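Notes for the one structure printed next.
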């Protein structure tokens with residue numbers, strides 16, 4: 001009976017061991033599930049943190065570039081004005097000279113010099129005048145104010161007179177020419 005007792009004892013122990021193992025496995029599975037949930041929660045928190053930081057960084061970038069763009073525009077205007085100041089000084093001197101001048105020719109010569117200096121400064125800044133007189137009418141570059149009978153057959157549908165000149169800044173039209181067209 002000893003053997004039977006041992007057999008039953010051994011048989012019962014493994015059953016008991018199995019039941020205790022089964023009880024431990026669900027506990028381990030629960031612990032693994034919690035740790036998996038904790039891992040996912042940690043990953044989610046990390047992803048949210050990365051998203052918030054990236055969002056804040058992008059917002060700062062947008063604000064910085066906007067501020068830089070405003071500063072660039074202001075500094076560009078400052079550069080243009082500083083280049084025009086000597087011409088403004090020349091106009092002031094010409095106006096003062098006109099008040100006391102008795103010779104009209106010297107005043108005309110002085111005004112021509114100032115005008116040429118002003119146009120040269122604008123040309124250096126990229127301003128170009130449109131050549132329109134005698135050219136075919138182009139509605140993308142010119143604005144027709146009126147039309148008159150063409151003085152010659154060659155001027156039909158071409159620009160006869162310019163009321164207001166058009167200008168390019170670089171290759172871009174900044175002001176369309178206002179013209180009279182021959183019909």
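The values are calculated or read from the model by the stated rules, or taken from the named source; none is laboratory data. Given the structure is predicted, the values throughout are model-derived calculations rather than measurements. Cβ: placed from backbone, ideal geometry, glycine included. Neighbour counts: every protein chain shown.
Of note, residue 66 does not satisfy the criterion of being exposed (fewer than 10 other Cβ atoms within 10 Å of the Cβ), within 55 Å of the chain's Cα centre (by Cα), modelled with pLDDT of 85 or more and within 27 Å of residue 126 (Cβ to Cβ).
Selection of region 153-167 for residues being part of a loop (DSSP other than H, G, I, E, B) and either surrounded by 12 or more Cβ atoms within 10 Å (Cβ to Cβ) or within 34 Å of the chain's Cα centre (by Cα) (or both) yields 156, 165, 166.
Restricting the first member to region 102-113 and to residues that are at pLDDT 85 or above, and the second to residues that are not in a helix (DSSP H, G or I), the beta-carbon pairs closer than 6 Å and six or more apart or on different chains are 107/101.
Being outside any strand (DSSP E or B) and touching a helix residue (DSSP H, G or I) at 6+ places or on another chain (Cβ under 9 Å) is the filter here, so list the residues in region 121-138 that pass it.
We begin by selecting, within region 121-138, every residue outside any strand (DSSP E or B); these are 121-126, 130-135, 137-138.
Matches in region 121-138: 121, 122, 124, 125, 134.
Look through 75, 20, 82 and report the one residue that is out of contact with any helix residue (DSSP H, G or I) (no Cβ under 7 Å at 6 or more places or on another chain), modelled with pLDDT under 85, assigned to a helix (DSSP H, G or I) and under 30 Å from residue 124 (Cβ atoms). Spell out the reasoning first.
Working: 20 fails: under 30 Å from residue 124 (Cβ atoms); 82 fails: modelled with pLDDT under 85.
Answer to the selection: 75.
Filter region 92-124 for residues that are closer than 27 Å to residue 176 by Cα and surrounded by 13 or more Cβ atoms within 10 Å (Cβ to Cβ) and give the result. Hits for region 92-124 are 111, 114, 115, 117, 118, 119, 121, 122.
Consider region 168-183 and keep the residues that are free of Cβ contacts under 8 Å to residues at least 40 places away in the same chain and assigned to a loop (DSSP other than H, G, I, E, B). The one that is farthest from residue 122 (Cα to Cα) is 183.
Check region 139-152 and report whether any residue there is part of a strand (DSSP E or B) and closer than 30 Å to residue 80 by Cα. Taking every residue of region 139-152 in turn, at least one turns out to be part of a strand (DSSP E or B) and closer than 30 Å to residue 80 by Cα.
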